[in-house]
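Contents: one structure, followed by commentary.
The values are calculated or read from the model by the stated rules, or taken from the named source; none is laboratory data. It should be emphasised that the depicted structure is a prediction, and the values quoted were computed from it without experimental measurement. Backbone-built Cβ (ideal geometry, glycine too); neighbour counts: all protein chains shown.
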Amino acid sequence: MSPLPSGLVPRASLALLLVGAVALALATHRPPAALGPDAPPDVFSAARARQHLTWIAQAPRPVGSTRLIEVRRELISLLAAMRVPAEVQTAEVLRPQGSAGTVLAATVHNIIAHLPGTEGRQAVLVSGHYDSVPSGPGAGDDGSAVASMLEALRALRTGPPLKQDVIFLFTDAEEAGLLGAEGFRQHPLFSKVALALNFEARGTRGPSLLFETTGPQGWLIQRFQETAPHPMGNSLAGEVYPYLGADTDLSIFGRAGVAGMNFAFIEGLIHYHTWLDSPEQLADGSLQHHGENLLTLTRALAAGDAPPREAPARVYFNPVGAWLVSYPRAWALPLCILLLIVEVLGTVGSARAGRLRLGALALAVAGTVLGALAAAVLVTLAWNVTQHATDLDAFAQGDSHSPVPFQAGLLALVFVPFALVRRWGQHHLQDEAWGHGARLSWAVLAVVITVLCPGASYLFAWPLLLALLTQHALRRVGKNPWGVGLVLALGGTPLLVLSTSTLYPLAAALGLSLAGVALLLATLILGLLHPALSWIVQGRWNAVAMGAAAVGAVLLLSGAVAAGPRADRPWPESIAYWLDRDGNRAFWLSDEATHGAWAAQFLGDAPPAKRFDEAMPWLETDVLYHEAALLPLPSARTRLVEVGHEGEVRTIALQVDSPPATAVLRFNLPPLEFLEIRVGHSPLPASVLAAGRSEGIRIDYWQPPPEGLPLLLKVRGEAPVRMRSSTISLNVPTLSDSQRRPPSLMAAPFGFGFSDVTVITQTEAL
């Protein structure tokens with residue numbers, strides 16, 4: 001293909017349109033406007049929901065805490081005032097977790113509000129958890145769901161009963177390992193549940209996105225598309241989510257065969273599980289979107305029949321804003337194969353016409369792929385350096401309070417390898433080769449991704465189709481600069497809008513530490529835009545590379561200058577205290593990433609580091625340590641109730657009393673042949689006992705009962721059972737006023753490794 005005609009004004013216009021396309025996608029990726037307290041009574045109002053959120057998220061409410069008990073009582077009182085039938089379900093739960101031989105346990109207190117339907121053969125379940133992590137008040141996670149449920153209940157009560165039952169489930173102990181949801185499976189109402197809607201948060205702002213489905217996915221997507229006033233989400237999220245290592249209450253219901261949809265807002269990741277997950281930080285629009293989805297879907301789904309057992313899956317996405325497009329997943333692979341064939345035929349045609357040499361094509365493919373990999377590496381290195389230089393690596397979430405300068409700076413940097421690769425090929429490769437190299441690479445990737453993750457196929461198929469149509473139109477537009485600019489704009493602007501609408505929420509979900517993943521795809525998309533970019537640049541690739549490097553550096557520097565601890569955005573810094581009764585010793589512990597001046601008063605300026613698996617086995621890494629004074633802290637007390645023998649089998653009955661502040665009572669049992677272990681009134685599964693014969697057994701009982709926890713062991717043989725018990729409190733020993741954290745610091749986020757904790761261990765031979 002001959003060089004495209006130049007024209008300064010058309011080229012500038014095209015550049016502005018391409019930038020405007022990105023701006024349009026970003027501007028429309030937002031929740032709806034929040035409604036005020038005077039909104040009609042039958043609709044959801046974020047202002048009315050916020051009245052609930054304010055008292056719910058006053059303080060942290062971890063499982064079993066005094067604050068959680070207060071919130072539970074208030075919720076029951078509110079439901080009674082609304083004349084909604086409600087009960088507190090108390091259930092003892094044992095749940096195998098993660099590695100073999102590990103069990104999470106608790107006595108949970110779920111709140112169940114039940115609205116009977118006119119037929120009531122099935123039920124729609126709406127769930128959100130009312131506990132929080134100990135390191136934050138949990139306004140987003142998951143006070144937003146609780147407040148939305150209360151406001152939606154009020155709105156539902158303004159109309160007649162629905163066809164099917166509706167169950168509002170406020171789960172306990174979600175942050176302890178989904179134990180409340182597991183407990184609800186024991187309730188008689190669970191057998192009626194045909195559909196579940198679960199609401200979560202992984203930040204404090206952004207639209208409420210559908211990110212996971214269980215059961216008949218295609219049927220659910222069509223109901224969502226038809227019902228929700230602002231349906232937002234994409235099937236790519238459903239492919240990525242399982243690899244993030246996260247679970248929600250819907251995981252429990254889905255594994256039990258319940259059809260369901262999972263919603264969350266995910267921006268403001270740095271607030272997640274910290275003191276900044278507060279009502280003040282939570283965006284009204286996010287609360288409105290959560291509630292709209294909850295109320296409209298509940299009404300629609302409870303007014304209809306139960307979902308089918310199976311339905312053909314669909315690909316779905318937002319090309320822009322809340323415009324949701326979906327089509328059968330069965331179309332995905334044929335579409336991508338067809339586009340690959342079209343590109344291959346176009347490549348062959350160009351080669352036969354003498355416009356393309358196969359050697360040039362191979363170089364273009366290599367340059368496209370290597371340039372994208374180089375961009376991902378450059379972005380990752382740039383963020384790692386920036387993060388370390390600014391101490392932002394103290395935030396385990398891999399994000400920033402003000403991420404926009406960093407996001408824009410990293411995006412600018414991807415143009416550096418992109419431009420340098422094209423500068424290298426300027427005297428060897430024509431635009432024809434670059435275009436085919438980029439499209440062929442993308443087409444092959446589209447087929448591979450569609451085979452592996454069909455829900456992600458749209459991100460590859462539709463940009464490729466637009467790029468192919470653009471190339472086809474360019475051959476027929478002639479030499480008029482305005483005609484060339486128009487074709488490039490008609491192809492490039494929708495391509496950028498569509499890809500930005502997906503890559504921006506993907507980047508928000510992954511955080512800045514994994515920005516290289518999203519920006520690798522962004523670099524490959526730039527390859528599809530090569531005709532437009534080449535026409536705009538007119539061969540000045542060196543200037544592009546230098547300008548992008550300068551812009552990227554300035555943006556990263558401006559973000560770094562603005563970063564830093566302040567009272568309104570405190571920095572994480574935690575310490576832990578371990579009291580080892582067996583060794584008659586104690587240590588202050590701290591994380592290398594967060595160790596600063598405040599922690600130094602306990603550990604010194606340059607403490608050594610090593611593993612402390614006995615105290616904090618969940619870390620699986622070295623921690624800083626310093627010997628500490630032996631504080632007079634109470635520990636668990638094990639009372640031998642009874643010992644019995646029947647042949648080679650011993651039965652040991654124990655009663656374990658723990659101090660009132662204990663959040664977790666942990667038992668580590670050695671690898672022995674246990675025939676039965678009963679915690680409280682519940683037996684451990686046989687699979688755990690089998691695994692424990694070689695690896696031992698660990699039981700974490702959250703918020704043990706104040707009257708003591710019964711423990712029964714049946715073991716074969718006479719070998720002593722050396723049981724190590726640990727009492728874990730989700731705070732540190734009482735500090736003097738001079739030792740307390742300053743306002744510019746906060747506890748590190750719970751669930752990301754190191755956070756405030758006091759551990760007291762002791763071993764007994766039984």
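Quick notes on this one:
- Verdict on residue 86 being touching a residue at least 24 places away in the same chain (Cβ under 8 Å), buried (at least 16 other Cβ atoms within 10 Å of the Cβ) and in contact with a strand residue (DSSP E or B) (Cβ under 9 Å, 6 or more places away or on another chain): yes
- Within the option set 266, 337, 270, being touching a helix residue (DSSP H, G or I) at 6+ places or on another chain (Cβ under 8 Å), touching a residue at least 12 places away in the same chain (Cβ under 8 Å) and outside the structural domain of residue 183 (by TED's automatic domain parsing) holds for one residue only, 337.
- Condition broken by residue 268, with the remaining ones in (1) buried (at least 23 other Cβ atoms within 10 Å of the Cβ); (2) modelled with pLDDT of 95 or more; (3) in contact with a strand residue (DSSP E or B) (Cβ under 8 Å, 6 or more places away or on another chain); (4) under 30 Å from residue 755 (Cβ atoms) satisfied: (2)
- Qualifying position, being crowded, with 21+ Cβ neighbours inside 10 Å and either under 30 Å from residue 69 (Cβ atoms) or touching a strand residue (DSSP E or B) at 6+ places or on another chain (Cβ under 9 Å) (or both), among 698, 716, 724: 698
- Just one of the listed residues (404, 416, 377, 348) is more than 30 Å from residue 272 (Cα to Cα), β-branched (Val, Ile, Thr) and within 35 Å of the chain's Cα centre (by Cα), namely 416.
- Residue in the stretch 606-627 that is in a loop (DSSP other than H, G, I, E, B) and either β-branched (Val, Ile, Thr) or over 22 Å from residue 755 (Cβ atoms) (or both) present: yes
- Residues considered: 72, 67. Of these, the only one that is of a type in the set (Lys, Arg), surrounded by 13 or more Cβ atoms within 10 Å (Cβ to Cβ) and within 27 Å of residue 297 (Cβ to Cβ) is 72.
- Top-ranked residue in the stretch 577-616 [being within 33 Å of the chain's Cα centre (by Cα) and without any contact (Cβ under 8 Å) to a residue 24 or more places away in the chain; ranked as nearest to residue 664 (Cα to Cα)]: 613
- Qualifying residue in the stretch 679-697 (condition: in contact (Cβ under 8 Å) with a residue 40 or more places away in the chain, over 30 Å from residue 563 (Cα atoms), touching a helix residue (DSSP H, G or I) at 6+ places or on another chain (Cβ under 7 Å) and in a strand (DSSP E or B)): yes
- Residues that are in contact with a Phe, Trp or Tyr (Cβ under 6 Å, 6 or more places away or on another chain) and either among the β-branched types (Val, Ile, Thr) or not in a helix (DSSP H, G or I) (or both) within the stretch 434-469 comprise just one, 449.
- Members of the stretch 400-433 that are within 24 Å of residue 22 (Cβ to Cβ), of a type in the set (A, V, I, L, M) and assigned to a helix (DSSP H, G or I): 404, 408, 410, 411, 412, 413, 416, 419, 420, 421
- Selection of the stretch 535-575 for residues being part of a strand (DSSP E or B) and either touching a helix residue (DSSP H, G or I) at 6+ places or on another chain (Cβ under 8 Å) or buried (at least 20 other Cβ atoms within 10 Å of the Cβ) (or both) yields 571, 572, 575.
- Residue in the stretch 271-284 that is in contact with a Phe, Trp or Tyr (Cβ under 7 Å, 6 or more places away or on another chain) and either under 21 Å from residue 165 (Cβ atoms) or among the hydrophobic types (A, V, I, L, M, F, W, C) (or both) present: no
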